[in-house]
Amino acid sequence: MKKRLAKDFLWGGAVAAHQLEGAWNVDGKGMSVADVMTVGGVNQPREITKGIVAEKNYPNHEAIDFYHQYKTDIALFAEMGFKCFRTSIAWSRIFPNGDDEAPNEAGLKFYDDLFDECLKYGIEPIITLSHFEMPYALVENYGGFRNRQTIDFFVRFAEVCFKRYRDKVKYWMTFNEINNQANFNEDFAPFTNSGIVYKAGENREAIMYQAAHYELVASARAVKIGHQIKPDFEIGCMIAMCPIYPATCHPKDILMAQRAMASRYYFADVHVHGSYPKWLINYWERKGYRLDITSADLEELKAGTVDYIGFSYYMSFAIAHQAGQPDFEYDESKSLIRNEFVEASDWGWQIDPEGLRYALNWFTDMYHLPLFIVENGFGAYDQVELDGSINDDYRIDYLKAHIAEMKKAVLEDGVDLIGYTPWGCIDLVSAGTGEMDKRYGFIYVDKNNDGEGTLARRKKKSFAWYQRVIATNGDSL
Ligand code: BGP
């Protein structure tokens, strides 16, 4: 049994371009899906507008202005001892309209400079290609991933990035949290994952399965091309992991939880095995869904399986069966229940460190691949004291408990784990609510939900704590 994490364990932090870069229309960048989402709140969903409406507040337009301030921010990450930094490439910086013939050189140059800045400190860039940032013109002109043509647009983008950054980036992921769209009865994930805007009366579930299929083909084709460009690229998928526990040991609750897990995580089956599970093929048949899945698609899925599984972990879910539901159908917006055995954050996210150990073991048993925790963290309100300090002990407690479970999974259970990048290592715009006040960072950014503030950076108490965690390779929590 190992006593310590591997020497080359990748400690770092994670962000996404649209949530921190700002500069939404600078140097040739096109509008992305994130640019038409307004600020929301704990109980108020973000509004998705048709194009930009003058008087609305779009928090991603400026975000924390990382585009202009990245050098000071990377220096702070280096001071914390980061070995890696996960961010994404804003698709609409490279292809402003998505279907452009040639990439935007100014956009490509920005990421050259950003990756050079990381490498200068020995920080390995970990790159997501599509993190809720599809060019908005693809939504307007093609219906996003409703349309088979969008596969080609994504693959062209991926290929340009693989070639351009082949000597700077080794670890890639194709689509961030691709499985969020399993929650097809809300508007947010289908839009951010796939650029889908539902029309009244449509069969949302069938459309979701079709769009997800096109994305899975796009991912597989990109993985194959990436490996041709550089065989030692490590190209992974990215799954939002919220384990779904049965509410009780009632056999119907057990079956319900099993079906819910299968519905939420079949995406990983396709990424890893290159094929669809039998239950899902039967389900489509039972529902009468006739999807556009060709035999050439199925070959592509087989030819582009991933090298590792990147995943986010924030919380676990629980589920109970409902009377009169013989087929155990999973509708995330209706089926989940509150788990009385765990606490929750101010945003209702259930705090469950042991669920992370469970998730690491579940993925390992299912897929036998290396894993990478590319998001984990605690969104909370922070208070700046009169002396300027920010004592975020609640965040330290959350991370400490999760890292402790992560270590058990690696050291006691033998899980093969590449690294750990807590989410929002610097405060940024929340994806779900658009708030700035839902903070995750080790570094505070002076800006509030109304967009007011100096954007000044300030270290929180957790900064020194995480610095020590990294310096001791996780021995000192
Ligand atoms: C994940 C996303 C991130 C991030 C995080 C926290 O779903 O990949 O982009 O935002 O969750 O969520 P939120 O910002 O809604 O608190």
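Listing for the model above:
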{"read-out": "For segment 359-428 and segment 28-60, distance of Cα centres in Å", "value": "29"}
{"read-out": "Sorted by Cβ neighbour density within 10 Å, fewest at the top, the residues THR421, THR49, THR433", "value": "THR49, THR433, THR421"}
{"read-out": "Antiparallel content of DSSP bridges confined to the chain, in %, to 5", "value": "25"}
{"read-out": "3J(HN,Hα) from dihedral phi, segment 459-473, Karplus parametrisation 6.51/-1.76/1.60, rounded to Hz, x for glycine, proline", "value": "6, 8, 4, 5, 4, 5, 4, 5, 4, 6, 4, 5, 4, 9, 6"}
{"read-out": "Net dipole in debye of segment 9-159 [+1 Lys, Arg Cβ; -1 Asp, Glu Cβ; about Cα centre; nearest 20]", "value": "440"}
{"read-out": "Leading residue at positive end of dipole, the chain (Cβ point charges), from GLY441, GLY355, GLY379", "value": "GLY355"}
{"read-out": "As computed over segment 352-477, the Cα convex hull volume per residue (Å³)", "value": "109"}
{"read-out": "Lysine-lysine proximity count for segment 379-477, Cα under 26 Å, sequence distance 8 or more or distinct chains", "value": "15"}
{"read-out": "Alpha-carbon Rg/Rh ratio, for the chain, with Rh computed the Kirkwood way", "value": "0.94"}
{"read-out": "Relative contact order of segment 383-477, defined on C-alpha pairs under 8 angstrom at six or more residues apart (%)", "value": "26"}
{"read-out": "Lysine pairs in segment 145-255 with Cα atoms under 28 Å, if 8 or more residues apart or on separate chains", "value": "6"}
{"read-out": "Point-charge dipole on Cβ atoms (K/R +1, D/E -1) for segment 193-265, about Cα centre, debye to 20", "value": "120"}
{"read-out": "Amide proton proximity set for ILE244, modelled H, under 5 Å, gap of 5+", "value": "PHE317"}
{"read-out": "Dipole of the chain [Lys/Arg +1, Asp/Glu -1 at C-beta], most positive-end residue of PHE341, ILE403, ALA102", "value": "ILE403"}
{"read-out": "Exposure proxy ranking, count of Cβ atoms within 10 Å, fewest first, for ILE89, ILE151", "value": "ILE151, ILE89"}
{"read-out": "Least to most buried among LYS29, LYS3, LYS461, LYS56 (fewest other Cβ within 10 Å first)", "value": "LYS3, LYS56, LYS461, LYS29"}
{"read-out": "Dipole of segment 5-101, positive direction: furthest Cα of ILE89, ALA78, THR49, with charges on the beta-carbon", "value": "ALA78"}
{"read-out": "Alpha-carbon centroids, segment 258-302 and segment 142-204: separation in whole Å", "value": "17"}
{"read-out": "Calculated [θ] (222 nm, deg cm²/dmol) that DSSP helices of n ≥ 4 give over the chain, each run adding -39,500 (n - 2.57)", "value": "-12000 deg cm²/dmol"}
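Only the coordinates and a few stated rules stand behind these numbers; no lab work does. Fair warning: this is a prediction, and the values are worked out from it, not measured in the lab. Positions of Cβ are generated from backbone atoms using ideal geometry, with glycine treated the same way; all protein chains shown enter the neighbour counts.
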